[in-house]
Amino acid sequence: MDSDSSSTVTPNIKRSRHFLDDLLASADIRINGDRPWDMRVHRNAALDEIVTRHSLGLGETYMRGEWSVPALDQFFQRILRANLQTKIRPFRNLWRIARSYFVNLQSRRRAFQVGERHYDLGNGFYQSMLDSRMTYSCGYWRQADNLEQAQAHKLDLICRKLGLAPGMRLLDIGCGWGSLVSFAAEHYGVECVGVTVSREQCRYIEDKYDHLPITVHLKDYRSLNQPFDRIASVGMFEHVGRKNHRAFMQVAQRCLKKDGQLLLHTIGKNQRHSTTDAWVDKYIFPNGDLPSTGQICDSAENLLIVEDLHNFGSDYDKTLMAWHRNFEKSWDEFADQYGQEFYRMWRYYLLSCAGAFRARHIQLWQWMFSDKLEGGITRVV
């Protein structure tokens, strides 16, 4: 694990006791302590901003170098295990929750924003962080020793769950850089179609996999209307939004052939009535909205049958830590291009998410759905 030593502000300055001293102490975190998960304050005003602006204040003061923690993943694990995020609830959160219910933040008009702001950062940057197939979703570490194995095992698990066989046609909704479609075409002999809202991803697949039976489209999933034997969606449902969950399942149903199956691989939250972290929404995944189990079940009601639910959220902790190691190792190649604030933002993103999965604050699910498949499916783990 890399130490947070990037602050340019004088550390551990004198200060008076603060409300956050007692709050963090309940999670066994000390301000200006010497343990890896303790917060080092470099600007006293940061503490007031954190209380006032909650998640945004915490993230933005970190990005500015006003506080640091050697082991951010452990810091966030302790905060979330102690449910400290519920102890300070600014009124603006009530507006954000209401907005998510009344405004379609993931409409067709807004669908491409996350592609432009996150996935189009640069293929070279993501290549340095991810595995060789550029799989930007949770790996499956059950029998894996490294990131490359974990991602290959995850892709194979998906193909086996779907029962892929030569001659089938597979649709990948939110296909990323083509990891699943390329794996399925190479190892299972299927014809693949992928859709993405990222121009960089689309261009990458067209250039790298032009020798395989893969077609990729730069389009919103709601315009799909072709028949497929199988459908997969891996790490995309988090961008669909609660107001569009039903539309997603309707698309899947109309595109599945008789006896077709859908595998939905998504991050999920533990409670229905919550909204996206404000810092993540502003800086990492605009318009994101993690689903709950209840919301997913509601969206599929009378459309598709839930055949299986598999949770391996703890594997995302390992995946994110592996991405972070790769990010730190290759950062010098990108430092001049992206700058120090981006470095701290990306480090905060990767390690805070690792801590969240380790604390079981969020989950990783693979759902299997069928269009009334006679006899059901054979469970694969």
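Every number in this text was worked out from the coordinates using simple rules, so none of it is lab data. A quick note: this is a predicted structure, and the numbers were derived from the prediction, not measured. For neighbour counting, all protein chains shown are included, and Cβ atoms are generated from backbone atoms with ideal geometry for every residue, glycine included.
Computed values, structure above
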{"read-out": "For Leu256, distant residues with modelled amide H under 5 Å away", "value": "Phe228"}
{"read-out": "Cα-projected label distance for Asp259 with Gln127, points at 7 Å along beta-carbon direction, nm", "value": "4.2 nm"}
{"read-out": "Alpha carbon centroid spacing (whole Å) that separates region 269-302 from region 129-176", "value": "23 Å"}
{"read-out": "Calculated from backbone phi, Karplus (6.51, -1.76, 1.60) coupling profile of region 341-349 in Hz, x at Gly/Pro", "value": "5, 4, 4, 5, 4, 5, 4, 4, 4"}
{"read-out": "Cα long-axis angle, helix 179-188 against the chain (0 to 90 degrees, to the nearest 10)", "value": "40 degrees"}
{"read-out": "Charge dipole of region 19-96 about the Cα centre (unit charges at C-beta), most positive-ward option of Phe75, His42, Ser55", "value": "Ser55"}
{"read-out": "³J(HN,Hα), Karplus 6.51/-1.76/1.60, whole Hz, each residue of region 289-304, x for Gly, Pro", "value": "7, 5, x, 9, 4, x, 5, 5, 4, 4, 5, 9, 4, 6, 10, 9"}
{"read-out": "Lys, Arg +1 and Asp, Glu -1 on Cβ, resulting dipole of region 218-369 about Cα centre, debye, nearest 20", "value": "320 debye"}
{"read-out": "Potential extension, His18-Asn146 segment - 0.36 nm per residue separation minus Cα distance", "value": "41.8 nm"}
{"read-out": "Least to most buried among Asp277, Asp308 (fewest other Cβ within 10 Å first)", "value": "Asp308, Asp277"}
{"read-out": "Where labels lie 7 Å past Cα in the beta-carbon direction, separation of Asn32 and Ser330 in nm", "value": "4.0 nm"}
{"read-out": "Residue exposure sequence - Val41, Val240, Val280 - by fewest surrounding Cβ within 10 Å", "value": "Val280, Val41, Val240"}
{"read-out": "Per-residue ³J(HN,Hα) for region 79-86, Karplus 6.51 cos²θ - 1.76 cosθ + 1.60, θ = phi - 60°, Hz, x for Gly and Pro", "value": "4, 6, 4, 8, 6, 5, 4, 8"}
{"read-out": "Partners for Lys87 among lysines (Cα-Cα distance below 20 Å; same-chain residues under 8 apart left out)", "value": "Lys269"}
{"read-out": "Gain upon complete extension [Ala45, His273; 0.36 nm per residue less C-alpha separation]", "value": "78.9 nm"}
{"read-out": "Rounded D (µm²/s) - region 34-74, Kirkwood Rh over Cα pairs, Stokes-Einstein at 25 °C, 0.890 mPa s", "value": "240 µm²/s"}
{"read-out": "Total charge dipole magnitude, region 292-381, about the Cα centre, Cβ charges on Lys, Arg, Asp, Glu only, Debye to nearest 20", "value": "400 debye"}
{"read-out": "Summed side-chain charge close to Arg203 - residues other than Arg203 whose Cβ falls under 12 Å, Lys, Arg +1, Asp, Glu -1", "value": "-3"}
{"read-out": "Radius ratio Rg over Rh of region 172-290, counting only Cα atoms, Kirkwood formula for Rh", "value": "0.98"}
{"read-out": "Per-selection Rg to Rh, region 270-367 - Cα, Kirkwood hydrodynamic radius", "value": "1.06"}
{"read-out": "Degrees between helix 147-162 axis and first principal axis of the chain (Cα, 0 to 90, nearest 10)", "value": "40 degrees"}
{"read-out": "Simple spin-label estimate for Asn302 and Lys87 in nanometres, 7 Å along Cα-Cβ", "value": "4.6 nm"}
{"read-out": "Whole-number D in µm² s⁻¹ for region 19-96, Kirkwood Cα-pair radius fed into Stokes-Einstein, 37 °C, 0.692 mPa s", "value": "260 µm²/s"}
{"read-out": "Thr276, Thr293 arranged by Cβ crowding within 10 Å, fewest neighbours leading", "value": "Thr293, Thr276"}
{"read-out": "Over the chain, equivalent-ellipsoid semi-axes from the Cα gyration tensor in Å", "value": "38, 23, 19"}
{"read-out": "DSSP beta bridges in the chain [antiparallel fraction, %, rounded to 5]", "value": "45 percent"}
{"read-out": "Full-extension gain in nm, Thr378 to Asn225, via 0.36 nm per residue minus C-alpha separation", "value": "52.3 nm"}
{"read-out": "Label zone at His217 (point 7 Å along Cα-to-Cβ), backbone N below 15 Å, region 250-281", "value": "251-257"}
